[in-house]
Structures are given as structure tokens and as C-alpha cells.
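One structure is given below, encoded as C-alpha cells.
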Amino acid sequence: MNSKKKLIFFDLDGTLLNIENRYLNLFNDFCKTYDINNIGQREFWKEKREGKSNPEILIQKGYEESVAYKFHENWVTSIESNYWLGFDKLQPYAVELLESLKKKNVDMCLLTARNNRENLTQQLIKIDINKYFKEIINVDTNDAVNQKRKYLETYLPEIFVGDSEFDYLASKSLDIKFFCVTNGFRSHDFLKQKKVKKLFTELSSAGSEILDSI
């Protein structure tokens, strides 16, 4: 009898965490710093969910490339600070799903694109979900697809749950079921355009199928 435990990988930002408030509040702060006055918070978040980078959003609204790339450079150094991470909150059903998988004796690993491991660890402890994960893996945000794929190839979990085209591409062609939620970093329409198959409006809608698949 094969007694090997089942294994699931989870992405963090957008999948288990609602990051919208972090992004909107940081954007609002940066608008004051860089004198950006023709892009609303909601427009910015909509553009991000449609796959646009910070420089693309600013340049298409008429800002100089030098301003756009300076904005982005400072954004990258700020977005993972403890202050801005404090705006994150757990997605609905996140804890319930993790608890259900724990009761089924499933091993879980976190695979997230974060550069600051210390702040990541502190955040997971603060929101009290670090206890669910056998391993917490963070990869470089500048090489997320390749590095996530490397870990997926090494561990070969039964399921990977994410919220972006980066997660999909990392798991593509591997013998791993990919479940994608559309209330995170990317919109349903954008993910559909990227040919992502298993799309769910949120974790609660994906939960029963995840539990049945494990």
C-alpha cells in the first residue's frame, strides 16, 4: 500500500491573501510623491488585473519613462515592507480550506514570489497561517515563472493553486492539476485570454473540487 501523503502547493498573494488594499494604498501614497493626478485607484487596480505593469500604466497616461521607471523601482522596494503588508487580509474561505486539507492529512507548501523572506515570515505568523505549511518557499519576483517551475518539478505536488498567468506558466506541461482563482491579481477575462483552464471565482468555489481531487 502506498502511504505517501498527498501534496498541495499554494501561491500566496491574491490566492490566499487579498492584496488589493495594499496596492491601492501604496499607489495613493506614490501619487502624492510623483504628482500623479490623472489615474484613479480603481483604474490602476483594474489595469493591474488586466496584466499591465506599473510603467505601462503610467506611460500610457502620458508620464515620462523616467518617472514611470523610478515609480516602479521604488514600488518594488516598498511593496513588501511590513507597513504596507499590514493592509493585506486573508481571502474568504482561505482558513477553512487549509483546515479541511489539514484534517485530510494533506501536506501543504507555500510557493510565493516574494523577495523579503523575513517580512514574509513575520506576516505569515501574524495572520496565523504559517502553521499549515510543511515548507515556505519564496522565489525572486524577477524570475518567478522559472523559479516556481523548478520547485514544482522537484516536488511534483498533486495540485497547485494560484491566481496568475505566472502560476499557470510555471505549472504548464507538468503533471500537476492547476486551479486558478480569479478574484486575485488577475481578472477572469485576462486569465481566459491566457488559456488558463480551471478558473474559479474564489477559493470557496474551488474548494470542493480541490478536496475531491486530493
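Descriptive notes on the structure:
- Checked against (1) aromatic (F, W, Y); (2) outside any helix (DSSP H, G or I); (3) open to solvent by 80 Å² or more (accessible area, probe 1.4 Å), Y69 passes all but condition (2).
- Test for K89: is it open to solvent by 60 Å² or more (accessible area, probe 1.4 Å), under 15 Å from the mean Cα position of the chain (by Cα) and under 28 Å from D128 (Cβ atoms): yes
- Candidates are the residues of the range 139-161 that are part of a loop (DSSP other than H, G, I, E, B) and under 19 Å from C180 (Cα atoms); the one that is most open to solvent (accessible area, probe 1.4 Å) is L156.
- Tabulated pairs, the range 140-165, first more than 25 Å from E118 (Cβ to Cβ), second part of a helix (DSSP H, G or I) and open to solvent by 60 Å² or more (accessible area, probe 1.4 Å), C-beta under 6 angstrom, 6+ apart or interchain: none
- If you go through the range 177-193 and pick out every residue that is surrounded by fewer than 19 Cβ atoms within 10 Å (Cβ to Cβ) and either on the phi > 0 side of the Ramachandran plot or in contact (Cβ under 8 Å) with a residue 40 or more places away in the chain (or both), you end up with 3.
- Criterion violated by E64 - all others in (1) closer than 17 Å to K32 by Cα; (2) over 15 Å from the mean Cα position of the chain (by Cα); (3) surrounded by 13 or more Cβ atoms within 10 Å (Cβ to Cβ) satisfied: (3)
- When the range 33-58 is filtered for residues that are without any contact (Cβ under 8 Å) to a residue 24 or more places away in the chain, outside any loop (DSSP other than H, G, I, E, B) and surrounded by 16 or more Cβ atoms within 10 Å (Cβ to Cβ), the ones remaining, listed by number, are F44, E47, N54, P55, I57, L58.
The values are calculated or read from the model by the stated rules, or taken from the named source; none is laboratory data. Nothing here was measured: the structure is a model prediction, and the numbers come from that model. FYI the Cβ positions are ideal-geometry reconstructions off the backbone, even for glycines, and counts take in every protein chain you see. Areas reflect the complete protein model, heavy atoms only, side chains present, ligands, DNA and RNA absent. Shrake-Rupley method; radii C 1.70, N 1.55, O 1.52, S 1.80 Å.
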